[in-house]
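Trainee: One structure, as structure tokens, below. Some questions next.
The values are calculated or read from the model by the stated rules, or taken from the named source; none is laboratory data. Since the model is a prediction, treat every value here as computed from it, not as a measurement. Using ideal geometry, Cβ is built from the backbone for each residue, glycine included, and neighbour counts are taken over all protein chains shown.
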Amino acid sequence: MLQFVNTLLTGLGQGAVYAAFALALVLIWRATRVVNFAQGAMAAFTTYLALLVVESTGSWWVGLLTALAAGLVLGAGVERVVVRRVGPHNELGAVIVTLGLFVALQALAAILFGAQFRSFPAPAGLEGFALGSVTIALTPSMLITVGAVAVVLLGLVALFRFTDVGLRMRASAFDGEVARLLGVPVGRMLTLGWALAALVGSLAGVLIAGGSLVWPAYMDTVIVNGFVAAVLGGLDSPGGAVVGGLAMGVILALVTGYVGSDLVPLAALAVLVAVLLVRPQGLFARTAARRV
Amino acid sequence: MRRSRRVRALTALALGAVLALAGCGAGGRPDPGSGGGAASGGSTVGITADSVKVGSHFPLTGVAAPGYSEIPTGTKAYFDWVNAHGGVNGRKIDYVFRDDAYNPTQTSQVVNELVLQDQVFAILGGLGTPTHGAVLDFLGAEGVPDLFVSSGSLLWDQPRKYPTTFGWQPDYEIEAKILADHVATTFPQARVGLFLQNDDVGEDAERGIRRYLDKQIVSVQRYTPGNTDIGPQMSALQAANADLVIGFNVPSYTALTQLQGLKLNYRPQWVYSNIGADPVLVGSLLGRFSQGQVTDAALLDGMITDEYLPRADNPSDAWTAQFDAIWKAHGDGGALTNFRIFGMSQGYAFVQALLAAGPNPTREGLVQAIEKGGTRFAGPWAAPYRFTADKHSGISGAKVVRVTGDSTTALGPVRVTDNGDAPITDATNGETPVPPNGIPAAPGGT
């Protein structure tokens, strides 16, 4: 029983990170209709910057703020300098450019920060809470992760549902021409979308790094599982992304604990295929997925 | 139209940049053509009257680089020292090592280049099971002596199939046998859990462990390298009430198991294999996880592992003192580490083998000399090699130790054994004295 609870808790902690990452994918999808494969590499890059700051200041929180600021700048920069040049009607081109960015950024991170394993400090304690005589796999650091994901989720929902900026962003993404005719500064909205998405991605990067090891490719599994989580929830739905992320975390933890760790990548793939076969628009999307 | 062309040009440019970067990662190697290095009676490729060229491959970048990338710097320092003392029979050793990033595809590339382009006489200490496994056929077909592979896999002991390949360190099976035998006699009541890397490291180890602990094992958990979430495996070990866990894993996973144990308040007696147990490296990974909340090696204190080479932190050992002098003279200014001692010991082993091959070594002569005299080659290693014409396995034993702080304490004498059901006995060879200048003399009486 304790094993089941602990496996479940480990899965939820991991799932919260997948959720944060899936939220970034959802955000950029809603704001620009592009799936950003470079998200993970961008996050790894900003996490390295955070690590430098944490090591020199000794404060995890200053490191987090650095990563978030760097993510904001990096996201806006990538949109302005690279993605915009591919053109507004070339969605496949934009996706391929993000793949290229993924490889280039990862290589750049290895050149700048070195390719070896480095440990990343945790925001708070790494010892599980004790309930009487048993210790459960829930740590103060995990609570911070979960709290951060909840804040981002609420923030995103509020942004898209209750603010003018959110409405403009959705309009720009849905039909740039019409939005422009109606007076929406479409270019600025796209830049904002990329910047916000990169910010959320950076948050996921720092959260998963805390109390674990980082190396230039450490986000690779998060990219795959976060992507599956986003598809699971429907690329359009922030709530769906969070549920999808938590579900992925729990499913993979149960597979590791009770079946075998070598089946984890296969399990992620199986979930992806099952979702695409049974409900291609995702579990929570209200509109049908666009066929491309 | 113009715009789309520009887009295409930019895309091509970006792709070009990506490819160039990827190329840098791989070392930008052209595919070498064929030719050169073919073995026919008495090949003297790579050896002249005043030089001998030796090549190797190591992960200098990537996930396997921490620690392991220091090994060739030790070997290089040792060869520089030997060269400064006149070389081997008047020949200076020219040592070339290349980065394969622990990627078998890149290993094939760099070893191709070493053999066909650089025309090395022999390969020495190539690191890694999947990586070196990828070049066995090639080296065998080219007749290149493939000495002292830096891995405990059983693959290197196939003299029929790979007549030029020789292992070096105690293989994972005998290492596991020696550790398991110690556990069975010292902790007969322990409920034993296993934490194994999900490849032949884990398989070879499990075979050795089960010979002594089959009835005591309560749970076997495996991890896939690259997946750092090992929470579920640790929960399973805890749920099975394993109070002693034997880990055959790489150093970063030693750090992760300790961290996860902290999370679950799960503190069994840990027994790690030599490959994952360097307290300095693991301690440095652990120390910074939580801004000092986890203090350095404190978590590792009391864990059990094994050793077959002198330790860097033990200057009272005559071999360590000698290696320290060599490192001070020819090192890169960094600290003398256990990994560098590993590399220097391999350099020592190579010089010894080359001397045994006589004044005018050929590739065939070198292989024959090791098969003929290998069991009598002595050096810094704790137990003799098992080299004969029918067996190419390396060091035959190790001593079980307990980690105390950054150092270790021996828990008994050096134990030696062989694969399969060979018994485990105390070593009879005793410690090998350091030869003058730390350079081996030509073995006599072969």
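Trainee: Filter the stretch A:80-99 down to the residues that are at the interface with chain B (Cβ under 8 Å from one of its Cβ atoms) and without any contact (Cβ under 8 Å) to a residue 12 or more places away in the chain, then identify the one that is surrounded by the most Cβ atoms within 10 Å (Cβ to Cβ).
Mentor: Looking at the filtered set, the residue picked out is A:V86.
Trainee: Now, a different point. Return the pairs, sorted by first residue and then second, in which the second residue is among the acidic types (D, E) and in a helix (DSSP H, G or I), the first residue lies in the stretch A:106-124 and is at the interface with chain B (Cβ under 8 Å from one of its Cβ atoms), the beta carbons are less than 8 Å apart, and the residues are 6+ apart or on different chains.
Mentor: Listed pairs, sorted by first residue: none to list.
Trainee: Okay, next question. Name the residues in the stretch B:208-230 that are more than 11 Å from chain A (Cβ to nearest Cβ) and within 21 Å of the chain's Cα centre (by Cα), would you?
Mentor: B:G208, B:I209
Trainee: Based on this model, can you work out whether A:L263 counts as in a helix (DSSP H, G or I), within 14 Å of chain B (Cβ to nearest Cβ), in contact with a helix residue (DSSP H, G or I) (Cβ under 7 Å, 6 or more places away or on another chain) and surrounded by 24 or more Cβ atoms within 10 Å (Cβ to Cβ)?
Mentor: In short, no.
Trainee: Inspect the stretch B:224-237 for any residue being closer than 21 Å to B:D171 by Cβ, surrounded by 21 or more Cβ atoms within 10 Å (Cβ to Cβ) and not assigned by TED's automatic domain parsing to the domain that holds B:S153 and give the result as yes or no.
Mentor: No - not one qualifying residue is present in the stretch B:224-237.
Trainee: Could you tell me which residue of the stretch A:206-236 is nearest to A:G166 (Cα to Cα), considering only residues that are outside any helix (DSSP H, G or I) and among the small types (G, A, S)?
Mentor: A:G234
Trainee: Still on this structure: Give me a count of the residues in the stretch B:322-335 that are surrounded by fewer than 23 Cβ atoms within 10 Å (Cβ to Cβ) and either within 22 Å of the chain's Cα centre (by Cα) or closer than 30 Å to B:V367 by Cβ (or both). Lay out the reasoning, then the answer.
Mentor: We begin by selecting, within the stretch B:322-335, every residue surrounded by fewer than 23 Cβ atoms within 10 Å (Cβ to Cβ); these are B:322, B:324-325, B:328-335.
Subsequent filtering for residues that are either within 22 Å of the chain's Cα centre (by Cα) or closer than 30 Å to B:V367 by Cβ (or both) retains B:322, B:324, B:330-332, B:334-335.
So the count comes out to 7.
Trainee: Which members of the stretch B:121-147 meet the condition of being without any contact (Cβ under 8 Å) to a residue 40 or more places away in the chain and either among the polar types (S, T, N, Q) or not in a loop (DSSP other than H, G, I, E, B) (or both)?
Mentor: B:G133, B:L136, B:D137, B:F138, B:L139, B:G140, B:A141, B:D146
Table: residues versus (1) closer than 24 Å to B:G62 by Cβ; (2) small (G, A, S); (3) in contact with a His (Cβ under 7 Å, 6 or more places away or on another chain).
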| position | (1), (2), (3) |
| --- | --- |
| A:A209 | yes, yes, no |
| A:V214 | yes, no, no |
| A:L246 | no, no, no |
| A:V250 | no, no, no |
| A:V259 | no, no, no |
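Trainee: Among the candidates A:A253, A:A274, which residue alone is more than 11 Å from the chain's Cα centre (by Cα) and either part of a loop (DSSP other than H, G, I, E, B) or free of Cβ contacts under 8 Å to residues at least 12 places away in the same chain (or both)?
Mentor: Checking each option against the conditions leaves just A:A274.
Trainee: Return the only residue of B:A312, B:A422 being surrounded by fewer than 20 Cβ atoms within 10 Å (Cβ to Cβ) and in contact with a Lys or Arg (Cβ under 9 Å, 6 or more places away or on another chain).
Mentor: Exactly one residue qualifies, and that residue is B:A422.
Trainee: Only one residue in B:G394, B:G405, B:G373 is out of contact with any Asp or Glu (no Cβ under 7 Å at 6 or more places or on another chain) and either under 27 Å from B:I275 (Cβ atoms) or among the aromatic types (F, W, Y) (or both). Which one?
Mentor: B:G394
Trainee: What residue, of A:A69, A:A20, A:A24, A:A50, is surrounded by fewer than 19 Cβ atoms within 10 Å (Cβ to Cβ), in contact with a Ser or Thr (Cβ under 9 Å, 6 or more places away or on another chain) and within 30 Å of A:P140 (Cβ to Cβ)?
Mentor: A:A69
Trainee: Next question. With B:A180, B:A205, B:A190 as the choices, which residue is among the aliphatic types (A, V, I, L, M) and surrounded by fewer than 24 Cβ atoms within 10 Å (Cβ to Cβ)?
Mentor: Exactly one of B:A180, B:A205, B:A190 is among the aliphatic types (A, V, I, L, M) and surrounded by fewer than 24 Cβ atoms within 10 Å (Cβ to Cβ), namely B:A190.
Trainee: With the requirement that a residue be more than 17 Å from the chain's Cα centre (by Cα), free of Cβ contacts under 8 Å to residues at least 60 places away in the same chain and in a helix (DSSP H, G or I), what does the stretch B:65-104 give you?
Mentor: B:N83
Trainee: If you don't mind, there's one more thing I want to ask. Going through A:A197, A:A179, A:A173 one at a time, which residue ends up being without any contact (Cβ under 8 Å) to a residue 12 or more places away in the chain, part of a helix (DSSP H, G or I), out of contact with any Cys (no Cβ under 8 Å at 6 or more places or on another chain) and surrounded by 14 or more Cβ atoms within 10 Å (Cβ to Cβ)?
Mentor: A:A179
Trainee: Follow-up question, since we're still on this one. Going through B:A349, B:A356, B:A398, B:A369 one at a time, which residue ends up being crowded, with 18+ Cβ neighbours inside 10 Å, away from chain A (no Cβ under 14 Å) and within 23 Å of B:L179 (Cβ to Cβ)?
Mentor: B:A398
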